[in-house]
1. Name every residue in region 104-122 that is without any contact (Cβ under 8 Å) to a residue 60 or more places away in the chain, surrounded by 17 or more Cβ atoms within 10 Å (Cβ to Cβ) and of a type outside the set (A, V, I, L, M, F, W, C), in order of residue number.
2. Across region 376-396, what is the number of residues that are under 21 Å from Ser349 (Cα atoms), surrounded by fewer than 20 Cβ atoms within 10 Å (Cβ to Cβ) and among the acidic types (Asp, Glu)?
3. Only one of these is polar (S, T, N, Q) and in contact with a helix residue (DSSP H, G or I) (Cβ under 8 Å, 6 or more places away or on another chain): Thr225, Thr283. Name it.
4. Given (1) crowded, with 23+ Cβ neighbours inside 10 Å; (2) within 20 Å of the chain's Cα centre (by Cα); (3) assigned by TED's automatic domain parsing to the domain that holds Ile143; (4) among the small types (Gly, Ala, Ser), where does Ala227 come up short, assuming only one miss?
5. Against the definition (acidic (Asp, Glu), under 27 Å from Gly93 (Cα atoms) and not in a strand (DSSP E or B)), how does Glu379 come out, yes or no?
6. Would you say Phe84 is surrounded by 16 or more Cβ atoms within 10 Å (Cβ to Cβ), in the same structural domain as Cys456 (by TED's automatic domain parsing) and not hydroxyl-bearing (Ser, Thr, Tyr)?
7. Which one is nearest to Ala442 (Cα to Cα), of the residues in region 464-476 that are part of a loop (DSSP other than H, G, I, E, B) and at pLDDT 95 or above?
Amino acid sequence: MKYLDHFYIDGRFVPAGDRPQRVVVNPATEEPAGTIAMGTAEDVDLAVRAARQAFGTYAFSSREERLAMLRRVLTLFDERAEEFARLTTLEMGAPITFARDAQIAGSRAHIADTIRILETYEFERLAGQTLLSFEPVGVCALITPWNFPVLQIITKVMPALATGCTIVLKPSEYAPISPMLFAEVLHDAGVPAGVFNLINGDGPTVGEAMSRHPDIDMVSFTGSTRAGVQVAKNAADTVKRVHQELGGNSANIVMPDVDLEASVTKGVLGAYRNAGQSCTAPTRMLVPRHLHDKAVEIARRAAESVVIGDVNDDATTLGPVVNQRQFERVKSLIDAGIAEGATLVTGGSDMPANMNRGFFVKPTVFADVTPEMSVAREEMFGPVVSLIPYDGTEQAIAITNDTPYGLAAYLQSKDLVAAKRVASRLRAGQVMINHPSWDASAPFGGFKQSGNGRECGEFGFEAFVEVKAVGGLHED
């Protein structure tokens, strides 16, 4: 990558000069993957000024102009898809097959879905005798996480561009390399100067400057609940819109009527996707008490089928967690589970036997977990599944909802009528019944401390528009 020591401001890759440098660490090898410049509040000012200037023109661009631009983005993204996958593996440790088939394929699907929606989106609608005009919210600050470094950018940038907004992006400092490649794609696609800007940096410096900035109209943030609270506080003085996708602690209710082998296996392997580093990971598996012991053995087999190894090998299915801090946190939660009386079925906090470097955590299964234990209360963000026995559907619903989070929930049942009834009582933004196929258009977001607002599909557009009511156009 030739622009890692640059920012992207006003249509140009700008050398960062004497800005502090930060080493990006490859979590699979603990070796440097690259070095980025860390931005300042002054850099944010320059980017916001460019975005504000560009908004005066871009907000009034036509649907056809935006569609042509986004189609060019999709073509260029396809041409560099393998490069995106390789960089994702390099900077955050996703096994290459997962990087290709989920991280980058999912990113492409969201670009294509944005184009599909923009083709027919009604920016003007009648409500009675009043014209409703859906207009771009303005200059948007986008702050994205490291666990899906390209996909999370695309779910924000694409609808913002489609609706006529201008952008200042801060990707995670832990995974900033593939985002810079995405800036190259947007540049080559002819995104007008100032419409898209990128400043690397950390949350307390660049993120805070963005969320406080008086010329930013909206902040869209994905990350931890703790950081999301701080973003909202920073934004409050200027009364800007704040859109948040925050933490989760998802339960997976296994009903007594299911194929236990298939349901438990899918649940365990689903929780290990992306090394468990997903805010929707189904880490709490609720199983009927009388099936608990059978489920434990199935979960053990599923965990021990996982392949840990070279993340560039197509056969590897589990990579490392992203950094030393996350590595230590996951290990401490595993140790806490043991200390609090959970049964360690497989895994544990020591390194996998075949690995001598990298932030690899053994795929871990706990049994006999009770709802008050740390492994049931905390967002794990690592390859750990906790089996919690329950007595009856009412108790399963209560345990599922007994969390400050409400991002996702999972439910396995042959009886879809009963499953729908249970789903209606789960306080979560998404309820996935019997592991359905992924839908790029489904709204994504949560209840409670998992955030506010929704991304993806038409709801992703709604996040970036203001509604103006225009009366008096109807002739009486």
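1. The answer is Ser107, Arg108.
2. Taking region 376-396 first, the residues under 21 Å from Ser349 (Cα atoms) are 376-388.
Retained after the next criterion (residues that are surrounded by fewer than 20 Cβ atoms within 10 Å (Cβ to Cβ)): 377-378.
Restricting the remaining residues to those that are among the acidic types (Asp, Glu) gives 378.
Adding up the residues that qualify gives 1.
3. Values: Thr225 fails: in contact with a helix residue (DSSP H, G or I) (Cβ under 8 Å, 6 or more places away or on another chain).
Only one candidate qualifies: Thr283.
4. (1)
5. Yes.
6. Values: surrounded by 16 or more Cβ atoms within 10 Å (Cβ to Cβ): yes; in the same structural domain as Cys456 (by TED's automatic domain parsing): yes; not hydroxyl-bearing (Ser, Thr, Tyr): yes.
The answer is yes for Phe84.
7. Taking region 464-476 first, the residues part of a loop (DSSP other than H, G, I, E, B) are 464, 471-476.
Narrowing the set further to residues that are at pLDDT 95 or above leaves 464, 471.
Details: Phe464: 17, Gly471: 33 Å.
Checking each candidate, the answer is Phe464.
Residues checked against (1) under 16 Å from the mean Cα position of the chain (by Cα); (2) assigned by TED's automatic domain parsing to the domain that holds Thr114; (3) aliphatic (A, V, I, L, M):
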{"residue": "Asp402", "(1), (2), (3)": "no, no, no"}
{"residue": "Leu411", "(1), (2), (3)": "no, no, yes"}
{"residue": "Arg427", "(1), (2), (3)": "no, no, no"}
{"residue": "Phe444", "(1), (2), (3)": "yes, no, no"}
{"residue": "Cys456", "(1), (2), (3)": "yes, yes, no"}
{"residue": "Glu462", "(1), (2), (3)": "no, yes, no"}
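The values are calculated or read from the model by the stated rules, or taken from the named source; none is laboratory data. Keep in mind it's a predicted model, so treat the numbers as computed, not measured. In this analysis, Cβ positions are derived from the backbone assuming ideal geometry, glycine residues included, and neighbour counts consider all displayed protein chains.
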